[in-house]
Amino acid sequence: MSKDVNTVGYAISKDREDTLSNYQEEFYIGDKIYLDGNSLGLVSKRAEGALMKVFNAWKQYGIDGWTKGEFPWYYLSQNLGEKLAPLVGANPSQVIVTGSTTVNIHQLVSTFYKPTSRRYKILADDVTFPSDIYALKSQIQLKGFNPNDALIRVESKNGMLLEEEIINKMGDEVALILLPSVLYRSGQILDMKRLTMEAHKRGIIIGFDLCHSIGAIPHYLEDWEVDFAVWCNYKHINGGPGAVGGLYVNRKHFGQEPGLAGWFSSRQDVQFDMSHDLQVDVDAGAYEIGTPHVLSMAPLLGSLELFNEAGIEKIRKKSLDLTNYLIKLIELELNKYDFVIASPLEESKRGAHVLLEHEHSASICKALKSYNIIPDFRAPNFVRLGPVALYNSFYDIWKTVNTLKKIMEEEHYKKYKNTRDIIA
Ligand SMILES: *Cc1c(COP(=O)(O)O)cnc(C)c1O
């Protein structure tokens, strides 16, 4: 980066060079700078258009919408799985849009966690998202074991995990591993390829939660031979609040009975025979449970078009450019104000967001919002900034850091209580 990196002119010149800048007008952004796309992505015009098309099919066809119209609902989960497949690096048969992250963890852990008296533990980590841990604990209990004994959580240090330490915990007693691809707070990327290889050497099934990486970084799940993965589609994928989630299952597991079966786990051609003997679907469709939430899937048809057009490699490149620039400006402009960058500085280890630690983080987030800049607060004392390649600009980053500087200089944050709101 050049000397004048902290000038607005530099930001504007970077935006001129940006080959993804035309995607900004695909989104409804309004007059804010939105840096929370890693919690809830913004709506695009194409997502809106797709939702209206599916909605209108309901108006026009009623029940026949399941098989008629541009996007017949009966095949929507598969259709969207195909569109997501390039983002996870897998053959489409291994990907399906269904459930939610938490439900899909329950589904796949109940399928693949087959504890024996010797090999009965699940390996996770102490900084993952709470829902993942709650689901693992209940699965352990359902199988008749005690989570205090059967759930191992690898300890983090300063919000980061060491692959070496995870591998050290892959003992004979471990049956299954579930880890995040990108940690939701620090944004650290785990080396999924290496961890999968090491797990398999020891005969352990391994799955990843891709919530913070899907749509932001490329994955090669099939090449890495990952056993299973789950994710939500409302963060970087911009599928809308409560958008239906996704899952991947490696083809070597095809044909296994789902832990949680329902009539949508059936082969589609015989589903309406209404037999009481389930004929399990031949691919990832086996892990669907009940009727798909069609209206919460529809926006994905439009949203995923944008990803497949822009290309995930290009999205990753711009995302790194944005977070590098953000880190650089924080170092240059905010060095007086006790912020600690709590995300990896090394590109290959950094996901798509930057975490800042500061004792007044909750107040600082509220002050930023008063300037129409939308970060999020993560307990206990972090500001999380998630610039999104498809709709954030270098100018947004410049403006954010300079606004932060003003808030600190003028002590504007002191006007707000340093406590989190009900949703943070
Ligand atoms: C966002 C997120 C979830 C949320 O799960 P839902 O079932 O969609 O509510 C779970 N795990 C991780 C790691 C997340 O980032």
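The values are calculated or read from the model by the stated rules, or taken from the named source; none is laboratory data. Bear in mind the structure is a predicted one, so any value in this text is a computation, not a measurement. For neighbour counting, all protein chains shown are included, and Cβ atoms are generated from backbone atoms with ideal geometry for every residue, glycine included. All accessible areas refer to the heavy atoms of the entire protein, side chains included, with ligands and DNA or RNA removed. Shrake-Rupley method; radii C 1.70, N 1.55, O 1.52, S 1.80 Å.
Given the condition open to solvent by less than 10 Å² (accessible area, probe 1.4 Å) and within 15 Å of the ligand (Cβ to nearest atom), answer yes or no: does some residue in the stretch 111-124 qualify? Yes - at least one qualifying residue is present in the stretch 111-124. Filtering the stretch 286-316 to residues that are free of Cβ contacts under 8 Å to residues at least 60 places away in the same chain and farther than 13 Å from V244 by Cβ leaves A286, E309, G311. Quick check, is V43 touching a strand residue (DSSP E or B) at 6+ places or on another chain (Cβ under 9 Å), β-branched (V, I, T) and either on the phi < 0 side of the Ramachandran plot or assigned by TED's automatic domain parsing to the domain that holds P241 (or both)? The answer is yes for V43. Just give me the residues in the stretch 339-364 being in a helix (DSSP H, G or I) and open to solvent by less than 10 Å² (accessible area, probe 1.4 Å), in sequence order. Answer for the stretch 339-364, where residues must be in a helix (DSSP H, G or I) and open to solvent by less than 10 Å² (accessible area, probe 1.4 Å): S361, A362, S363, I364. Among the listed residues A379, A367, identify the single one that is of a type outside the set (V, I, T) and closer than 22 Å to K157 by Cβ. Among A379, A367, only A379 is of a type outside the set (V, I, T) and closer than 22 Å to K157 by Cβ. Taking every residue in the stretch 3-18 that is in a loop (DSSP other than H, G, I, E, B) and pairing it with any residue that is surrounded by 15 or more Cβ atoms within 10 Å (Cβ to Cβ) and acidic (D, E), at least 6 positions away or on another chain, the pairs with Cβ-Cβ distances below 9 Å are D18/D321. Residues that are more than 16 Å from the ligand (Cβ to nearest atom), surrounded by fewer than 20 Cβ atoms within 10 Å (Cβ to Cβ), basic (K, R) and more than 26 Å from M192 (Cα to Cα) occur in the stretch 133-144; there is at least one. For the stretch 198-208, the criterion of being touching a strand residue (DSSP E or B) at 6+ places or on another chain (Cβ under 7 Å), open to solvent by 10 Å² or more (accessible area, probe 1.4 Å) and away from the ligand (no atom under 16 Å from the Cβ) is satisfied by at least one residue. The test for being modelled with pLDDT under 95, more than 30 Å from I315 (Cβ to Cβ), away from the ligand (no atom under 16 Å from the Cβ) and open to solvent by 10 Å² or more (accessible area, probe 1.4 Å) does not hold for D281. Restricting attention to the stretch 147-161, the residues being open to solvent by less than 100 Å² (accessible area, probe 1.4 Å) and out of contact with any Phe, Trp or Tyr (no Cβ under 6 Å at 6 or more places or on another chain) number 9.
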